[in-house]
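Take a look at the structure below.
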Ligand SMILES: [Zn+2]
């Protein structure tokens, strides 16, 4: 690795915490730091907090970043302005995140949706140039990676695979307001709700997973049905993008084979060749995927150099 090259910092602005780190060209992180996000304090305070976090890292390490990459909740236009957002960050819609951070940080800033950033992180870690990324956690997000690029989409939210209706009407409202979207069933809160409906007992995802692993039939069945619902609903995305691989990230995917195996089985059973050969695997970048991907996008925003390891683009 060259001794000198551009220095980039990735920033992940989430609903609960903001994290930042120096991101190396291979996707490894250095000098990671995080702080609570003042989510209800308004967008300018959120940006101030992110800038202060970066300043802390810069002071501690003596680095001068050449560019910043940011992943955050919401849909962004190509200028890094929030065009659509949920309530996780109060007043976030309409915020010029790229411009606001550029003026605070004094270097170029690229901003993308956090799931799109995480998919870019997976691209960096896995080396895959083509896959469907599905993040299954508190919600279900997704991203399409095609020919090494994350598809942005007309509204900035391409790959939102959690917001399709499952076939059987079960009258559950999705976080987006839609009826019977798969997110309402296969996300962490969805699985917890189904478990509570079946047993009359409230348990968190982690303990449902532990019960299932210990042989509890109901817990295992609740996870299996959620996984199958998601597997079936991903079939149309697979035939549309022909990704070859589906990478599953997020806390629910952390249940491992209990969740991933029935999902893969149902997905493949819903498809015909050549799509039925689609590979389903756990994502590998972990909770810092968005940070890694944001840094990667910052590298790619710089003029192509020998040092950043990215292919030259014309
Ligand atoms: Zn929805």
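For segment 1-160, evaluate the Debye formula with one uniform point scatterer on each Cα (no solvent term) and list log10 I(q)/I(0) at q = 0.16, 0.20 Å⁻¹, rounded to two decimals.
Once normalised to I(0) and log-transformed, intensities are -0.91, -1.39.
How far, in degrees from 0 to 90, does helix 43-61 lean away from the longest principal axis of the Cα atoms of the chain, to the nearest 10?
Here the helix axis deviates by roughly 60 degrees.
On a 0 to 90 degree scale, rounded to 10, what angle separates helix 114-126 from the longest Cα axis of the chain?
Helix 114-126 sits roughly 90 degrees off the main axis of the chain.
Using r as the Cβ-Cβ distance of residue 284 and residue 242, and R0 as 25 Å, what FRET efficiency do you calculate, to the nearest 0.05? Working shown, then result.
Numbers: r = 22 Å, r/R0 = 0.88.
Using R0 = 25 Å, I get an efficiency of 0.70.
Note the per residue figure in Å³ for the convex hull of the C-alpha positions in segment 165-314.
Working: hull volume 23.1 nm³, N = 150.
Looking at segment 165-314, the number lands at 154 Å³ per residue.
Which FRET efficiency, nearest 0.05, do residue 207 and residue 304 yield, Cβ-Cβ r, R0 51 Å? Mind showing how you got there, number by number?
Values: r = 49 Å, r/R0 = 0.96.
Given R0 = 51 Å and the Cβ-Cβ separation, E is 0.55.
Given 0.36 nm per residue, what is the gain on full extension from residue 221 to residue 33 after removing their alpha carbon distance, in nm? Could the numbers behind the result be given before it?
Working: separation 188, 0.36 × 188 = 67.68 nm, distance 3.91 nm.
My answer for the length gained is 63.8 nm.
Taking 7 Å along the Cα-to-C-beta vector as the label spot, tell me the residue 173-residue 198 distance in nanometres, rounded to one decimal.
Taking the two extended label points, one gets 2.6 nm.
Give the shape of segment 48-140 as rounded, prolate or oblate, defined through the alpha-carbon gyration tensor: a ≥ b ≥ c are the square roots of its eigenvalues, a/c under 1.5 means rounded, and otherwise the shape is prolate if a/b is larger than b/c and oblate if not.
Details: a/c = 1.90, a/b = 1.24, b/c = 1.53.
Here segment 48-140 falls in the oblate category.
Please report how far the C-alpha centroid of segment 24-87 lies from that of segment 121-151, rounded to the nearest whole angstrom.
20 Å
By how many degrees, between 0 and 90 and to the nearest 10, does the Cα long axis of helix 257-269 differ from the longest principal axis of the chain?
80 degrees
Residue 107 to residue 84: extension gain in nm, 0.36 nm per residue of separation minus the Cα-Cα distance?
Numbers: separation 23, 0.36 × 23 = 8.28 nm, distance 2.51 nm.
Using 0.36 nm per residue and subtracting the Cα-Cα distance, I get 5.8 nm.
Stick to Cα atoms and the Kirkwood definition of Rh, then tell me Rg/Rh for segment 220-281. Could the numbers behind the result be given before it?
Values: Rg = 10.9 Å, Rh = 11.4 Å.
Result for segment 220-281 is an Rg/Rh of 0.95.
At 0.36 nm per residue, and after removing the present C-alpha to C-alpha distance, how many nm does the segment from residue 77 to residue 48 gain when stretched out fully? Intermediate results must be reported in sequence, preceding the final value.
Values: separation 29, 0.36 × 29 = 10.44 nm, distance 2.13 nm.
Gain on extension, residue 77 to residue 48, equals 8.3 nm.
Note down, for segment 112-206, the three equivalent ellipsoid semi-axes (square root of 5 times each alpha carbon gyration tensor eigenvalue), biggest first, whole angstrom.
On the way: eigenvalues 166, 47, 18 Å².
They are 29, 15, 10 Å, listed from largest to smallest.
Under a point spin-label approximation (7 Å from Cα along Cα-to-Cβ), what is the residue 275-residue 16 distance to one decimal in nm?
3.5 nm
At 20 °C and 1.002 mPa s, what whole-number value in µm²/s does Stokes-Einstein give for the translational diffusion of the chain, with Rh from the Kirkwood sum over Cα pairs?
Values: Rh = 20.0 Å.
For these conditions, the coefficient is 107 µm²/s.
None of the figures in this text is laboratory data; all of them are computed from the coordinates on show. Since the structure is predicted, the reported quantities are computational estimates derived from the model, not experimental observations. Quick reminder, even Gly has a Cβ in these numbers, built from the backbone with ideal geometry, and neighbours come from all protein chains shown.
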